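Let me begin by presenting the structure, written as structure tokens, before commenting on it.
The values are calculated or read from the model by the stated rules, or taken from the named source; none is laboratory data. Quantities reported herein were computed from a predicted structural model and do not represent experimental measurements. Using ideal geometry, Cβ is built from the backbone for each residue, glycine included, and neighbour counts are taken over all protein chains shown. Please note that ligands, DNA and RNA were not included when accessible areas were found on the heavy atoms of the full protein model with its side chains. Shrake-Rupley method; radii C 1.70, N 1.55, O 1.52, S 1.80 Å.
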Amino acid sequence: MASIRLAVPETARVDEIVEVKALIRHPMESGHRRGSRGEVIPRDIITRFECRYAGALVFAGDFHPGIAANPLITFHVRATRSGDLEFTWTDQHGESWSESATLTVT
Amino acid sequence: MHKTPPILSRRDLLSVGVGAVIVSASPLRSFAAQADLDRAQKELFGDRPVTEGRVALTLPPIAENGYSVPLSVDIESPMTDQDYVKRVAILSPRNPLPLIAQFQFTPQSGRARVDARIRMSGTQSIQAIAEMNDGSLWSGSRETVVTLAACVVL
């Protein structure tokens with residue numbers, strides 16, 4: 001599972017604030033739903049999202065069942081130097097998925 | 001033989017039923033939900049005072065279903081090393097769990113804005129509380145009418 005889509009500009013000027021979008025395919029099963037036989041469908045959610053820019057944490061999120069399936073998060077990063085933006089999602093069981101994109105600052 | 005009257009007459013049952021309907025429809029329930037929200041706020045931020053302002057929420061005025069509602073939170077801040085937003089908590093007075101998400105910012109964020117898609121179990125006023133690096137708390141809220149709640153359709 002876990003297909004990830006990122007939207008990160010390839011280049012930016014120094015001190016430009018760029019918009020970043022990160023999406024991961026995940027059911028974000030809330031634990032409040034019931035199946036066809038009335039049984040509770042167990043909770044299965046991503047609980048943590050982190051974005052690191054050149055190794056330093058720049059933005060993070062703690063998710064709860066109120067976040068919709070296939071979470072798409074849009075946020076901003078101040079471009080200071082060229083480097084990788086690394087995105088990591090971790091689910092409640094400790095499994096994690098990562099993807100990165102390179103931002104070239106001119 | 002003397003016939004004892006039934007312990008619960010039809011009239012009694014009816015009045016209990018009507019009473020139950022009135023109680024469940026009354027604002028008492030939303031008071032309880034507000035108490036949940038207050039408890040969540042206390043867990044996150046303690047008893048510190050919260051000032052209304054600096055936090056702008058954008059939500060559609062009407063959402064056709066609560067399964068996925070686009071939310072945007074924009075917090076007024078210069079986002080410098082001296083003055084920035086540390087975190088923002090998104091709270092719901094009506095969902096099964098009041099805390100929807102929490103986001104952390106850094107001065108490197110440049111702008112204290114985040115967009116996400118949330119679940120809403122019914123019409124309600126979503127609240128966001130932001131904590132600045134000086135420890136001050138600011139809040140904003142926005143009401144959205146949900147025609148089909150997430151917990152019903154799911």
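Per the Debye calculation on region B:98-154 with a single equal scatterer at every Cα and no solvent contribution, log₁₀ I(q)/I(0) for q = 0.15 Å⁻¹ amounts to -0.57.
Using a 1.4 Å probe over protein heavy atoms, the accessible area lost on pairing A with B, summed over both chains, comes to approximately 2400 Å². Across the accessible surface of region A:33-105, with the other protein chains kept in place and a 1.4 Å probe, carbon and sulfur atoms take up 44 percent.
Charge tally for residue A:61 (other residues, Cβ to Cβ under 14 Å; Lys, Arg +1; Asp, Glu -1): +3. Remark: the protein assembly as shown is approximated by an ellipsoid whose semi-axes, taken from the C-alpha gyration tensor as √(5λ), come to 43, 22, 14 Å, largest first.
Taking a Cβ cut-off of under 13 Å around residue B:142, the surrounding Lys, Arg, Asp and Glu residues balance to a net charge of -3, with basic ones at +1 and acidic ones at -1. Each residue of region A:21-38 is assigned a 3J(HN,Hα), and the resulting list reads 10, 9, 10, 10, 7, 7, x, 6, 5, 6, x, 9, 8, 10, x, 5, 9, x Hz, derived from the Karplus form 6.51 cos²θ - 1.76 cosθ + 1.60 (θ = phi - 60°), x at Gly and Pro. Accessible surface area normalised per residue over region B:52-129 is 38 Å², counting heavy atoms of protein chains with a 1.4 Å rolling probe. Proximity of backbone amide H atoms, modeled 1.01 Å from N, is registered between residue A:70 and A:26, A:28 at under 5 Å, excluding neighbours fewer than 5 places apart on the same chain. When the Cα atoms of chain A are aligned to their principal axes, the ranges along those axes come out at 59, 20, 20 Å in descending order.
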